[in-house]
Amino acid sequence: NAGVMQNPRHLVRRRGQEARLRCSPMKGHSHVYWYRQLPEEGLKFMVYLQKENIIDESGMPKERFSAEFPKEGPSILRIQQVVRGDSAAYFCASSSTGADSEQYFGPGTRLTVT
Amino acid sequence: EDQVTQSPEALRLQEGESSSLNCSYTVSGLRGLFWYRQDPGKGPEFLFTLYSAGEEKEKERLKATLTKKESFLHITAPKPEDSATYLCAVQNTSGTYKYIFGTGTRLKVLA
């Protein structure tokens, strides 16, 4: 049973470019969460999605960041006009339900903004 | 505001030297407390879920316990392969199911 998949694993963007991070949840999971891990900091929640719906985006910066989880295909975290401060590891997690179920994490995408 | 504090930040143990990692939490209502292991360059790997005070879970050399204010991850007779960062997270009963993570304990077990 394949785990959570993320791609690309490493992404380099110049300031002002767009970054697109993809996440395919575990088979049978319909809940997706995105977290960001800055160097020497803990994982910070960004957004929680179910198929075609954003449930909680309280951790997402108001500008330049967006997320989607379409009916078909992976969840996408999109960062427009990247800045150096966006350099971080971005992790996706999935769960089978929201409550009373563990979140399983992917390997992460390491974004470097030059 | 919900908060998780882990201590110590870093810990070096000799192989076979048992110890405990601490996770103190403040949460409006606890739905669950979760322990993960993270190796460098990888995503967090799920270890345990604890739901209520007094609960304990075990897996190989690891044992997690929970009180109303904190959780401990006990490591018995650790081996070098137990070296990793151990993360604690809480999920509250209100709102959605996001996790609030501590900053982790970096464990190094020396052979």
## Note on the structure
Karplus-derived 3J(HN,Hα) from phi for region B:55-71 (6.51 cos²θ - 1.76 cosθ + 1.60, θ = phi - 60°), whole Hz, x at Gly and Pro, runs 6, 9, 9, 10, 7, 6, 8, 10, 9, 10, 10, 9, 10, 6, 10, 7, 10
## Note on the structure
Mean other chain Cβ within 10 Å across B:97-106 is 6
### Query
Rounded to two decimals, what is Rg over Rh for region B:22-81 when you use alpha-carbon atoms and the Kirkwood radius?
0.99
### Query
What is the spread of the Cα atoms of region B:46-111 along each of their three principal axes, largest first, in whole Å?
45, 23, 18
### Entries in A:LYS51/B:LYS63; A:LYS51/B:LYS108; A:LYS44/A:LYS71 that, when Cα-Cα distance is taken, lie over 32 Å
A:LYS51/B:LYS63; A:LYS51/B:LYS108
### Message
Can you report the principal axis dimensions of the protein assembly as shown using only the alpha carbons, biggest first, rounded to whole angstrom?
### Response
49, 37, 36
### Query
In percent, how large is the relative contact order of chain B, given Cα pairs closer than 8 Å and 6 or more residues apart?
37 percent
#### Entry: Burial order of peptide ranges B:21-31, B:97-107 (average beta-carbon count within 10 Å, highest first)
B:97-107, B:21-31
## Note on the structure
The simple spin-label model distance between B:SER19 and A:HIS10, using points 7 Å out along Cα→Cβ, in nm, is 3.1 nm
### Message
Please compute the volume of the convex hull spanned by the alpha-carbon atoms of region B:1-48 and report it per residue in Å³.
### Response
121 Å³
### Summary
Mean shadow area (nm²) of the C-alpha convex hull around chain A is 6.9 nm²
#### Entry: Partner chain coverage, peptide B:78-90 - average Cβ within 10 angstrom
1
### Query
To the nearest whole number, what is the average tally of beta carbon atoms from other chains within 10 Å of the beta carbons of peptide A:34-42?
3
### Message
Between region B:33-111 and region A:1-55, how far is it from one alpha carbon centroid to the other, in angstrom?
### Response
22 Å
### Task
At q = 0.14, 0.17, 0.18, 0.23 Å⁻¹, work out log10 I(q)/I(0) for chain B with the Debye formula, treating every Cα as an identical point scatterer and leaving solvent out; two decimals please.
-0.51, -0.75, -0.83, -1.30
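Every number here is computed from the coordinates shown, using simple stated rules; none is lab data. Treat the numbers as computed from the prediction; the structure is a model and nothing was measured. With ideal geometry, Cβ positions are generated from the backbone for all residues, glycine too; neighbour counts draw on all protein chains shown.
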